[in-house]
Amino acid sequence: MLPPRMAPALLAAPPVAANGKIYVMDGEATVSAFDAASGNQVWKANLRPESKRDKDGFGGGLAVAGGKLFVSSGYRFVAELNADTGAVVWKTSTEQPIHAAPSVSNGRMFVVAVDNTLLTFDTATGAEGWTYQALSEPARILAASAPAVAGDTVIASFGSGELVALRAANGNDLWNEALSRANRNNALSEIRDIPGRPTIYQGDVFAISHSGVFAATDLRTGQQRWTLPITGITTPWAAGDVVFVVSKNGEVVCASRETGLIYWIRDLAVGRTDQKGGMLSMGRKKKYIVRPVWSSPLLANGRLILTSSQGEMVVLNAKTGVQDKSVKLGGAALIGPVAVNGTIFVATDEAQLIALR
């Protein structure tokens, strides 16, 4: 399939799929729908506000629920669109930019703003509901996490390293956990952010922080079941009796979902590092090693699929971690791929949507 081209802007919103369409949003808040089978564009809607306040925006995302398309944006708004036509149903302004995708459940839309506030909105009208303010954190990753919802419990993660469980109906605090190591020994580890979305599976919550904690937490009680010293910025994937996670250094880890026992580790940086020129020092140009940054994993048909900042997609055997194949994408892709009816869709950083069968 020939790759459709979206507007040339920084892409941070993962694509979503429903009803035979792939929905994407570029860095200028233009939302597009493509036919999943042919790649033809169905509609396009420019949602960027005509305001002098926000000349630039970053991040945001999409969610599909009940045949409706919901949007959050770094241009300080949330919205609902008609999924078939792109017509705006409602649009609500927010005080802070929103860098993460929304989550929708039981008539509520949940988003996390850059000031570590969890916002909720009525999906029927766009009216704002209850809010939750986490600890303020000036240093964070240039990414953000969408909340995860299970029944009447919403799990949200923040730049402060907090993992919080709240009652979805009213925002009552159920439990609060800090995914942060006490013995941090470098400046980067002081960034405690949890940029990847928490994963809820079989009564547990799996989340990984930039300060080096990968944890499994009981959804009901907030009690930690186990932790591993892994630093990451991606979303874990739990399936069966295992959970997969990607470290910041490019190691794919397969661990027991019950105990945290590591079954295998695959270092994707092997053979993929690059040397770049650095600053001049004492008349000589120093070199530094660049390791590729990898997306969150996708599990499909017993295979793990990941994309990288060096424009590569790899396919690993989920049982062994052995690489089955590698595909050159022609552009960096830090957003995790999605699978729909036997087709893998990848959105590159240069706003190109690629379909691979």
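Candidate cross-link partners of Lys44 among the aspartates and glutamates, defined by an alpha-carbon separation under 15 Å and a same-chain spacing of 8 or more, comprise Asp26, Glu28, Asp35, Glu80, Asp84.
Considering only Val322, Val16, Val293, the mean-square fluctuation computed in a Gaussian network model of the chain, springs between alpha carbons under 10 angstrom, is largest for Val322. Rolling a 1.4 Å probe across the protein heavy atoms gives region 43-131 an accessible surface of 43 Å² per residue. Thr123 sits among other residues whose Cβ lies under 11 Å from its own Cβ, and their net charge, with Lys and Arg +1 and Asp and Glu -1, is 0.
Close amide-amide hydrogen proximity is noted between Ala150 and Ile155, each under 5 Å apart and 5 or more residues distant or on a separate chain (H modeled in the peptide plane; Pro and chain starts excluded). Only one residue of Ala207, Val89, Leu304 has its Cα farthest out toward the positive end of the dipole of the chain, where Lys and Arg carry +1 and Asp and Glu -1 on Cβ, and that residue is Leu304. Using 0.36 nm per residue and subtracting the Cα-Cα separation, the extra length available between Asn317 and Asp267 on full extension is 16.6 nm. Go ahead and set up a Gaussian network model of the chain, Cα springs under 10 Å, then flag whichever of Glu28, Glu128, Glu80 fluctuates most. The residue with the greatest mean-square fluctuation here is Glu128. With a 1.4 Å probe rolled over the protein heavy atoms of all chains, the accessible area of Lys248, Lys328, Lys21, Lys44 falls in the order Lys328, Lys44, Lys248, Lys21, largest first. If R0 equals 25 Å, the separation of the Cβ atoms of Ser256 and Arg220 corresponds to a calculated FRET efficiency of about 0.75.
With all protein chains in place and ligands, DNA and RNA left out, the 1.4 Å accessible area ranks Asp218, Asp115 as Asp115, Asp218, largest first. Across region 80-131, the relative contact order, built from alpha-carbon pairs under 8 Å that are at least six residues apart, equals 25 percent. Using Cβ point charges alone (K and R +1, D and E -1), the dipole size of the chain about the Cα centre works out to roughly 1120 debye. Converting phi to 3J(HN,Hα) with the Karplus coefficients 6.51, -1.76 and 1.60 and the offset θ = phi - 60°, region 205-222 yields 10, 10, 8, 10, 10, 6, 8, x, 10, 10, 10, 10, 10, 5, 4, 7, 9, x Hz in sequence order, with x at every glycine or proline. On the chain, 49 percent of the accessible area sits on carbon and sulfur atoms, based on a 1.4 Å probe.
A 29 angstrom limit on the alpha carbon distance is what I want to check against. Which of Lys21/Lys91; Lys248/Lys328; Lys68/Lys325; Lys91/Lys328 exceed it? Checking Cα-Cα distances, Lys68/Lys325; Lys91/Lys328 exceed 29 Å.
Sites listed here are trypsin sites (Lys or Arg not before Pro) in region 52-115 whose DSSP assignment is loop and whose Cβ has at most 16 other Cβ atoms within 10 Å: Lys52, Arg53, Lys55.
The values are calculated or read from the model by the stated rules, or taken from the named source; none is laboratory data. Predicted model, so just to flag it, every value in this text is computed and none were measured. All Cβ positions, even for glycine, are placed from backbone atoms using ideal geometry, and neighbour counts span all protein chains on display. Quick note on the areas: whole protein, heavy atoms, side chains included, nothing else; ligands and nucleic acids left out. Shrake-Rupley method; radii C 1.70, N 1.55, O 1.52, S 1.80 Å.
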